[in-house]
Amino acid sequence: MEDSCDVIIAGSGLAGLLALSRLSREKPDWTFTLLEREPWHGGRMRPSLESEGSRSCGLQSASSELYDFVMGTLGPQNANELIQPLKSFGVMIGQKIQELRFEQLTTVDMARAIAGGAATKDWAAIEQILGAERSEDAFNQLWKGDRKSAALVPLEQLAHFWGVPELTGSSIRPLQNGFRDARKGLWTGRWDLLFDEMLSTLRFENRLKVFNRAQIMSAKYEEKTWTVSSTNGTFNSPRMLVAQSPWEAILWLSKDLWPSRLINIASKTKPVSLVMLSELNPFQGLPDVLFVTAEDVQVISLPGQICFQAPLNYELTVQAPAVGKTIKRLKRARKKLSLVYPELGPEGAEHMALLSVGWTHSIHPPEYKWFEKLDATHVQKKHLGFAGDCIGAEGSGDLNLITSVQDACSMLLHG
Ligand SMILES: Cc1cc2nc3c(=O)[nH]c(=O)nc-3n(C[C@H](O)[C@H](O)[C@H](O)COP(=O)(O)OP(=O)(O)OC[C@H]3O[C@@H](n4cnc5c(N)ncnc54)[C@H](O)[C@@H]3O)c2cc1C
């Protein structure tokens, strides 16, 4: 038997749930079907705390813009227990950890902590470039003119935290986004739990059906109706929102149904993966974010969980040696940290996860003009919307997510 509704939402990650909240509020008479491959909702924003299966720490540091968008979309609620601002960060040099306030992350204090007095000389220039409107040339000059500037060492550490694996050849925009977001403050916590109340209210009102373990296998659009087949049933609706990464949706949505510009985005950007060791650990004594500079590793502390991570160009993740080397760095960082904090306990309880594209794509600089011309009408249709961190021209996952949810909803509602 086929199930019908007004909108099928394919994926219950952050984008799908935000869209569900907006659409259901705007159209109180619409019904929704949420199809999700996993047994739970949340996608990549959810930390997987189960004792088996892949484990990650999920969306750790959302920008204030994304935080405001989530809160504004869900309406007034007390989120203080679930989501908190990042308050501290630390730098580990040798066996010494220097802790600073999170507001110092992009300042000369951080530069000094990472690379000593020599790095402070040029830091003001780097701050200026990161804060300026258009400074791609100035950024490139920095490389060509003074490649050995000590200030590039702290910049590289920050870049890795912002999901930029290599400074060489990187566009300045993801760095500028990271800089701007860090200055405004970053937020972390159990984002997935924020949506529980909305989901149960809509289900209680018989406006929402949620199908977990429903991996979508195919979709066709005939006579203004979508027919979506999944491992947990077949569903019909006049509208569908694809709320998952393009490389996942391309497996079941045939290419001729995609807006061509959306396919082009993938070829004009560089995706990023995260290699991560994550462990359940009750130890609370670490800064919220810690740079283990000698290993180029960031350690993120969440309640009950510690994650060791390093970004890697997505293309490199198909090469076993590159991943293997990164894992060794993560393991060495863990070892070094446990020398300083024996309370961390023995190694070996960790779980390794190779996360395809934890962050967004970064745009190849020559393609900026193409991206600037991209607008919602190139991507969104009234019967088919796309939302997620890789949908759009923003060069920042947070902004792509916000813009694509807004655009897709407005097209599905009024297109
Ligand atoms: C470890 C980690 C750290 C991160 N850190 C940051 C950070 O610091 N800052 C930041 O901005 N972003 C970060 N991100 C990225 C952030 O989590 C994502 O931008 C955001 O959660 C994406 O939401 P989404 O809804 O677009 O996609 P997803 O969360 O990927 O949601 C897609 C959903 O679709 C489901 N799905 C996929 N295929 C199918 C199918 N065939 N059938 C049914 N369902 C399917 C998936 O299971 C998933 O639930 C991080 C991600 C990870 C993994």
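A few points about this structure:
- Only one of the numbered conditions (1) modelled with pLDDT under 90; (2) touching a helix residue (DSSP H, G or I) at 6+ places or on another chain (Cβ under 9 Å); (3) more than 9 Å from the ligand (Cβ to nearest atom) is not met by R46, and that is (3).
- For I97, the criteria (1) within 11 Å of the ligand (Cβ to nearest atom); (2) in contact with a strand residue (DSSP E or B) (Cβ under 6 Å, 6 or more places away or on another chain) hold in every case but one, which is (1).
- Pair list, Cβ < 6 Å and 6+ apart or interchain, from the range 330-346 residues that are under 26 Å from L312 (Cβ atoms) to residues that are assigned to a loop (DSSP other than H, G, I, E, B) and of a type in the set (F, W, Y): L344/F283
- Qualifying residue in the range 275-295 (condition: surrounded by 15 or more Cβ atoms within 10 Å (Cβ to Cβ), within 13 Å of the ligand (Cβ to nearest atom) and assigned to a loop (DSSP other than H, G, I, E, B)): yes
- For the range 201-230, taking the residues that are free of Cβ contacts under 8 Å to residues at least 24 places away in the same chain and closer than 21 Å to G42 by Cα, the one that is farthest from the ligand (Cβ to nearest atom) is identified as F204.
- Leading residue by the ranking (surrounded by the fewest Cβ atoms within 10 Å (Cβ to Cβ)) among those in the range 246-271 that are touching a Gly at 6+ places or on another chain (Cβ under 9 Å) and modelled with pLDDT of 85 or more: E248
- R190 vs. criteria buried (at least 17 other Cβ atoms within 10 Å of the Cβ) and of a type outside the set (A, V, I, L, M, F, W, C): yes
- Tabulated pairs, the range 396-415, first farther than 16 Å from A62 by Cα and in contact (Cβ under 8 Å) with a residue 60 or more places away in the chain, second among the charged types (D, E, K, R) and more than 16 Å from the ligand (Cβ to nearest atom), C-beta under 7 angstrom, 6+ apart or interchain: L412/R239; L412/K382; L413/E26; L413/K27
- Candidates in the range 390-415 are the residues that are among the aliphatic types (A, V, I, L, M) and crowded, with 21+ Cβ neighbours inside 10 Å; of these, the one that is nearest to the ligand (Cβ to nearest atom) is L401.
- Checking each residue in the range 231-245 for being over 24 Å from the mean Cα position of the chain (by Cα) and either assigned to a loop (DSSP other than H, G, I, E, B) or free of Cβ contacts under 8 Å to residues at least 24 places away in the same chain (or both) picks out T231, N232, P238.
- Residue that is part of a loop (DSSP other than H, G, I, E, B) and under 30 Å from W252 (Cβ atoms), where the choices are P28, P47: P47
- Within the range 14-43, considering residues that are closer than 21 Å to N400 by Cα and modelled with pLDDT under 95, the one nearest to the ligand (Cβ to nearest atom): G43
- Selection from the range 60-105 of residues that are of a type in the set (A, V, I, L, M), in a strand (DSSP E or B) and under 18 Å from S396 (Cβ atoms): A62
- All of (1) closer than 19 Å to I97 by Cβ; (2) free of Cβ contacts under 8 Å to residues at least 12 places away in the same chain hold for V289 with one exception: (2).
- Filter result for Q244 (within 30 Å of S61 (Cβ to Cβ), touching a helix residue (DSSP H, G or I) at 6+ places or on another chain (Cβ under 9 Å) and within 11 Å of the ligand (Cβ to nearest atom)): yes
The values are calculated or read from the model by the stated rules, or taken from the named source; none is laboratory data. Remember, predicted model here, so these are calculated numbers, not experimental data. Reconstructed Cβ throughout: ideal geometry from the backbone, glycine too, with neighbour counts over all protein chains shown.
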